[in-house]
Amino acid sequence: MHTSPAKLLILIALSLVILVEGRTVLAFFGVNIPPLETALVGLVIIVVLIVWAIRPIRGAPWRRSDEDTGEDTNA
């Protein structure tokens, strides 16, 4: 995992704030974006952040549990 769940939640919240405020700034300049489009972009951002957070880090060794290796730790 690339980040902790708490940091992931902060990243998602920050990205949504930037998205909503960006829509407000664009409306100030006369560019109107429908709320549905904003919600869809927000959903895509959340999915991308979650996929980034849960994919394994490149080059990191895989950890196996004792059951996977077949080793007996009780001996």
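Computed on the Cα atoms alone, the convex hull of the range 5-56 gives a volume of 61 cubic angstrom per residue.
Sorting the segments 1-13, 28-40 by their residues' average number of neighbouring beta-carbon atoms within 10 angstrom, most packed first, yields 1-13, 28-40.
The modelled label-to-label distance between LEU40 and SER4, using points 7 Å beyond Cα along the C-beta direction, is 3.7 nm.
Values in this text are rule-based calculations from the coordinates and carry no lab data. Note that this is a predicted model, so its numbers are computed, not measured. All Cβ positions, glycine included, derive from the backbone under ideal geometry; neighbour counts span all protein chains shown.
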